[in-house]
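Report on the structure given below.
The values are calculated or read from the model by the stated rules, or taken from the named source; none is laboratory data. Predicted, not measured: the structure shown is a model, and the values here were computed from it. Here the Cβ positions follow ideal geometry from the backbone for every residue, glycine too, while neighbour counts run over all protein chains shown. Keep in mind that these areas ignore ligands, DNA and RNA; they rest on the heavy atoms of the full protein, side chains included. Shrake-Rupley method; radii C 1.70, N 1.55, O 1.52, S 1.80 Å.
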Number of protein chains: 2
Amino acid sequence: MLKYEEIAHNIERYIREHNLRQNDKLPSTEEMMNEYQVSKSTIVKALSYLQQKGMIYQLRGSGIFVRRTNRKGYINLFENQGFTSLFDYSNVSAKVLAIEELGANEEVAESLNIAVGEPVLYVKRLRYIEEQIFCVEESYFNKMTVPYVNKEIAEQSLYQYLTNVLKVKIGYSDKFLHVIKLSEQVAQLLELEKDDPALLTEEIFHKGNGEPFNFSKITYHYVNSQFYMASVEMK
Amino acid sequence: MLKYEEIAHNIERYIREHNLRQNDKLPSTEEMMNEYQVSKSTIVKALSYLQQKGMIYQLRGSGIFVRRTNRKGYINLFENQGFTSLFDYSNVSAKVLAIEELGANEEVAESLNIAVGEPVLYVKRLRYIEEQIFCVEESYFNKMTVPYVNKEIAEQSLYQYLTNVLKVKIGYSDKFLHVIKLSEQVAQLLELEKDDPALLTEEIFHKGNGEPFNFSKITYHYVNSQFYMASVEMK
């Protein structure tokens, strides 16, 4: 873990352990530099990350304040480390519907920046949170980066497997959101009706060097899911 | 505009003017410090902002690279300066459906952190992009911060009015996203059918000092809108 990431985690933990509320003031940048014995730009990076996540806001000239949403049960759209890491949920599970090796079709090939027909690993899962159906997820992995997955692995956290076992350095992801009417097939999996609403996200994960390695299409149960996003103004 | 914001805008302009593509390399942090004659932490803040916006990614030890999504026509969920400022759209318009002073109901009172019954300004608008119906927007403003709005103002950019005329210092916003079935009433405004899908966002805008001043409920046309969000991994 990089230094600023460690600092950010420490500050998050501090907020939780001290049960700080919205608008409570945090130590100053200088105090934190002293406390953690790091440079100013390390603190600045840590605070930027926390601000992006919606945990703090900075008021120039006044200080750094806690920003905690009152609403529970919302998935933070910024969170990108797999469902199993979500703060509020301890009971996340998956039912594996398919694992196969396929040749990339046009959509997958374009998203992963590979040729049509190149081998990809396809994993389809039904995800549950607190035993409620949460989403249907279809993932396509470039076989060069993810050569192997099995049912046992897919029933747990694929994110953990990628980072801890395969040591993939995940850089960033692009998320595209659409609202759609459910097809008969996906509606059945979600235990909803054909034409019911759904949020469909397409996400392309890139390694640290910019190379895409995972393309996921996730269809969320419209009753059992809701999302949160923090924004910061720039004048 | 703060210095780092100015630098961020300059870098964005540089990318656009030089028509840089995905994975093109930008000057180093040191080169930018020299070019703009600013401190390292100013550059770090500017780059953080651009990274959050999805315009660049940083590869430790290798440099700063352009990250530009291939897909056009997506609204960046991180953009928070009103529709009129959206990068890709030049033709944004509004039809004002209602402007009135109301007493805050429970939902509005709780979102704005005021007492039920306190006066709020209510503005309801139908928004168009390139003359296509885009969303129905209901905004509630704390009258203490926004004492007056009229039809002419509401037909233009309310965001511009708030920042340039009323000089409100907007700090940050919390966005809550839900997928719903349209009611008959809203469906008619969007020229869709009852029970058609929609994205409903509730957004609470806070001033720089943390005080909420605007609560907005926006229902998006599910065919005419799609959204994008950049995420950055943290290990």
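Taking segment A:202-235 as the range and being among the hydroxyl-bearing types (Ser, Thr, Tyr), part of a strand (DSSP E or B) and within 9 Å of another protein chain (Cβ to nearest Cβ) as the test, the residues that pass are A:Tyr220, A:Tyr228, A:Ser231.
Note on segment A:1-78: enclosed helices (runs of 4 or more DSSP H) holding 1 or more residues that are under 21 Å from B:Leu177 (Cα atoms) and at the interface with chain B (Cβ under 9 Å from one of its Cβ atoms) are A:40-52.
Listed here are the residues, each with its yes/no results for (1) open to solvent by 40 Å² or more (accessible area, probe 1.4 Å); (2) outside any strand (DSSP E or B); (3) modelled with pLDDT of 85 or more.
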site	(1), (2), (3)
B:Thr84	yes, yes, no
B:Ser90	yes, yes, no
B:Lys95	yes, no, yes
B:Ala98	no, no, yes
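When restricted to residues that are in contact (Cβ under 8 Å) with a residue 24 or more places away in the chain, assigned to a helix (DSSP H, G or I) and of a type in the set (Phe, Trp, Tyr), segment B:135-188 contains 1. Screening B:Leu162 against (1) more than 14 Å from the chain's Cα centre (by Cα); (2) of a type outside the set (Ser, Thr, Tyr); (3) more than 9 Å from every other protein chain (Cβ to nearest Cβ) leaves a single unmet condition, (1). Among the residues making up segment A:165-176, a single one is open to solvent by 60 Å² or more (accessible area, probe 1.4 Å) and at the interface with another protein chain (Cβ under 10 Å from one of its Cβ atoms): A:Lys169. Return yes when B:Ser157 is assigned by TED's automatic domain parsing to the domain that holds B:Gln132 and either surrounded by fewer than 19 Cβ atoms within 10 Å (Cβ to Cβ) or closer than 29 Å to A:Ser183 by Cβ (or both) and no when it is not. For B:Ser157, the condition - assigned by TED's automatic domain parsing to the domain that holds B:Gln132 and either surrounded by fewer than 19 Cβ atoms within 10 Å (Cβ to Cβ) or closer than 29 Å to A:Ser183 by Cβ (or both) - is met. The residue list A:Glu184, A:Glu202 contains one member that is open to solvent by 40 Å² or more (accessible area, probe 1.4 Å) and either farther than 30 Å from B:Lys3 by Cβ or modelled with pLDDT of 95 or more (or both), which is A:Glu184.
Evaluated against (1) on the phi > 0 side of the Ramachandran plot; (2) open to solvent by 40 Å² or more (accessible area, probe 1.4 Å); (3) modelled with pLDDT under 95, B:Glu191 falls short on exactly one condition, (3). Being away from chain A (no Cβ under 14 Å), at pLDDT below 95 and more than 13 Å from B:Phe213 (Cα to Cα) is a property that holds for B:Gln156.
When A:Val136, A:Val179 are checked against the criterion of being assigned by TED's automatic domain parsing to the domain that holds A:Leu102, under 23 Å from A:Ala98 (Cβ atoms), of a type outside the set (Asp, Glu) and open to solvent by less than 40 Å² (accessible area, probe 1.4 Å), A:Val136 stands alone in meeting it.
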